[in-house]
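Since every read-out is calculated from the coordinates, none of them should be taken as a lab result. In this text the structure is predicted, and so the values were computed from the model without any measurement. Cβ placement follows ideal geometry from the backbone for every residue including glycine, while neighbour counts extend to all protein chains displayed.
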Amino acid sequence: MIFNSYPYLFLFLPLALIGFHLLRRAPFRVSIGFLVLMSFVYYGWWRPQDLWVIGASCLFNYFVGRRISDQRGRKEGFTVLTIGVVANLALLGWFKYAGLFDKTFAALTGEGLDLTHIILPLGISFFTFQQVAYLIDAWRGETEEYHFTDYLLFVTFFPQLIAGPIVHHKEMLPQFQRGKGRGLRSLDFSVGVTIIAFGLFKKVVLADYLARTTGPIFDIAADPDGRALTTGEAWAGTLAYTLQIYFDFSGYSDMAIGSARLFGIRLPLNFHSPYKSVSIVDFWRRWHMTLSRFLRDYLYIPLGGNRLGPARRYGNLMITMLLGGLWHGAGWTFLMWGALHGLYLCINHGWHHLRRTLRLPAIPKPVAIGLTFLAVALAWVPFRAGNYELDPGGTTGSALGATGDLLASMFGLNGWSFWPPDTAIAVKDSRAFRPIVLGLILVFFLPNTQEVMRRYCPAIGLPRPSEGYRRRWWQWRPTLPWLAVTLGLLYVVGREFDQLSEFIYFQF
C-alpha cells in the first residue's frame, strides 16, 4: 500500500484515525497496540508473506537490545552487539544483494546460482538501519527499558515504515507518551491534511509528469541496438530525472510527515530544499537527512571521521559514500553514484582547506548553487540507470550502457545535434522542456513545504520560530483562503489520479 493510492487515502488512513481516536480513553498499551496492528496491516498489504521478516527482525532485535543493555561495558555485551549487527546485515545482504552477486557471478563464469528470484521485502533497508542504530545505542547506554509494544511501534509506525525517514527511538516514543489520551486534535488534522495535499501534488502532478520524459530517454540509452541520443535528449532526460526524484522524494517526505501529524506525531525532517545547497556538504545536510545522520553517527565517526588526519578523512568519506550508494541499490551503478558523491565530498573538503590556507574568497552563492546542482544532476545519471540492474531481467551492461550513452551525448561525444531524427521519440520539440523549466522555477524560487508550514513546526529538526519572528504572507494559517488552496491542490491531484505509481525510494 502506497500513500498515493485509493486504499490508503480512503480506507486505511481513515480507519486508523477513527480507531485511534475512539481508543483515546483506553489504556495506553491498547491504543499503542492498535497502531502496531494497523502498521502490520499496512506493511502486509502488498506481500503478507513478508510479515515474518519484519516480525522476526523486531523480536530478535528487541531481546538482543535488552541483553546488550544488561551486559553493557562487558566483553559479553560487545559480543552480543557484534552478533546482533552481523545478523541484521546478513538478513539485509541476503534479500538485497544475493541477486547482484548472482548476476556478477554469472557474468564472470557464465553460470548463475539462480538467486534472482529473491524478492526484496518492503522497507528492509530502513527498518534494518533503524534497529542497528538501536543496538549500538543500547551498547552506549542511550536506550531505556522500553515495553515490547513501544519498541514495535518505534520500528513499524506506518508513516515512516516503508521508505523512511530513519527515525531514532528518542524522537518517537516520548511523543506517544506525551500524547496518550489526547485523541485527534483539529489543528493537527488541518496541518496534516495540508502537508499531505502538498505531497500528493508533488508526486502525482509533478514527479509522475516528469517521468514521461525520463523513461523513454533512458530506455533509448539502455538499448544496445538503439540509436545514440542527441545532446538535447540527454540533457532533457537528465534534468527531468533530477527534478522527478526531487519532487518524488519530497512528495513522499511530505506525505509521511503529514500522515504522522494527523496522530499528533512529528517525524524528523528528511528533505529541505537540497538543490538550493551551496556545496555537496550542504547538499547532504538537506537530502535524505536521516540517512546522512545515520551514516555520520554510525559509520563515518566510528571509522575515525576527521580525527586521524586528511588522508584518513578522505578515505573515510569514500568508504561511507560507497556503502551509502550500495545501500540505495544492489547494482554497480549505485556504487558508481556513491563513488561520485564521495569524490565530490573530498573535493569540497579539499577546497575549503585550500581556501583557508590561501585566504581565497568564497565562490559567489549563485555560482556555488549552480555548480552543486550540476554535479548532483550528473551523478543522478548512473543512479537512474541502476533501475535496469534492479529489474529481475536486467543486466549490469544495460545500466552501464545507459550511463555511458547519456553522459557521452550530454557532452557532445555523439555529435551536437539537438533534436532527434525521429521527432516522435523522446524530445519532440521545445514543449518537452516546459515542465523542466517549470520544475526549476519551483525548486529554486519558491519556499518548500516546511517553510510554508513553519509556524506550526511540521517536523523535528526545523527550528521553532523565534519570539520576534514575522510571518510571511505565503505561510500557512488555518484560514478559509488556505482551505481553498488545499482543496485546489487536491482537485488538480484528482484530475491526474488515474494510475498507480510507486515512489522511487520504495525499491530500496
* To do: Return the distance in nm (one decimal) between the two label points of a simple spin-label model at residue 228 and residue 365, each offset 7 Å from Cα along Cα→Cβ.
  => 4.2 nm
* Asked: Got the relative contact order for the chain handy, in percent, Cα pairs under 8 Å and 6 or more residues apart?
  -> 19 percent
* Asked: In square nanometres, what is one fourth of the surface area of the convex hull spanned by the alpha carbons of the chain?
  -> 27.0 nm²
* Considering amide H positions built from the backbone, and no H for Pro or chain starts, which residues 5 or more places from residue 460, or on another chain, come under 5 Å of its amide H? -> 267, 269
* Per-residue HN-Hα couplings for segment 236-252 [Karplus 6.51, -1.76, 1.60; θ = phi - 60°; Hz; x = Gly/Pro] -> 4, x, 5, 5, 4, 6, 4, 7, 4, 5, 4, 5, 5, 6, 5, x, 4
* For the peptides 241-254, 214-227, what is the packing order when you average, over each peptide's residues, the other Cβ atoms within 10 Å and list the highest mean first? -> 241-254, 214-227
* Which three extents, in whole angstrom, do the alpha-carbon atoms of segment 257-376 cover along their principal axes, largest first? -> 53, 32, 29
* Asked: Taking the Cα-to-Cβ direction at residue 46 and at residue 440 and moving 7 Å from each Cα, how far apart do the two end points lie in nm?
  -> 3.4 nm
* What ³J(HN,Hα) values, in whole Hz, does the Karplus curve 6.51 cos²θ - 1.76 cosθ + 1.60 give for segment 59-71 when θ = phi - 60°, with x put for Gly and Pro? -> 4, 4, 6, 4, 6, 5, x, 4, 5, 4, 4, 5, 10
* Please sort 482-494, 376-388, 288-300 by packing, taking for each peptide the average over its residues of neighbouring beta carbons within 10 angstrom, highest first. => 376-388, 288-300, 482-494
* Structure fact -> Its Cα gyration tensor gives segment 1-154 an equivalent ellipsoid whose semi-axes in whole Å, largest first, are 31, 27, 9
* What FRET efficiency, computed as 1/(1 + (r/R0)^6) with R0 = 41 Å and r the Cβ-Cβ distance, is obtained for residue 6 and residue 86, rounded to the nearest 0.05? -> 0.50
* Structure fact -> Taking r as the C-beta separation of residue 178 and residue 18 and R0 as 25 Å, the FRET efficiency to the nearest 0.05 is 0.70
* What FRET efficiency would be calculated for the residue pair residue 145, residue 482, taking the C-beta separation as r and a Förster radius of 35 Å, to the nearest 0.05? -> 0.20
* Protection-proxy order for peptides 356-365, 265-274, each taking the mean of Cβ atoms within 10 Å per residue, highest first -> 265-274, 356-365
* To two decimal places, what compactness ratio does segment 166-258 give when its Cα radius of gyration is scaled by 2.2 N^0.38 Å? -> 1.62
* Asked: Along each of its three principal axes, how wide is the spread of alpha-carbon positions in segment 25-107, in whole angstrom units, largest first?
  -> 61, 42, 12
* To do: Taking the Cα centre of the chain as origin, sum charge times position over the Cβ atoms of Lys and Arg (+1) and Asp and Glu (-1), and report the length of that vector in debye to the nearest 20.
  => 2500 debye
* To do: Using just the alpha carbons, could you tell me how many Å³ per residue the convex hull of segment 296-337 encloses?
  => 57 Å³
* To do: Place +1 on the Cβ of every Lys and Arg and -1 on the Cβ of every Asp and Glu in the chain, take the dipole about the Cα centre, and give the residue among 243, 218, 483 whose Cα lies farthest towards its positive end.
  => 483
* **Net charge of neighbours whose Cβ lies under 14 Å from the Cβ of residue 124, counting Lys and Arg as +1 and Asp and Glu as -1** => +1
* Within segment 109-251: Cβ-based charge dipole about Cα centre, in debye rounded to nearest 20 (Lys, Arg +1; Asp, Glu -1) -> 760 debye
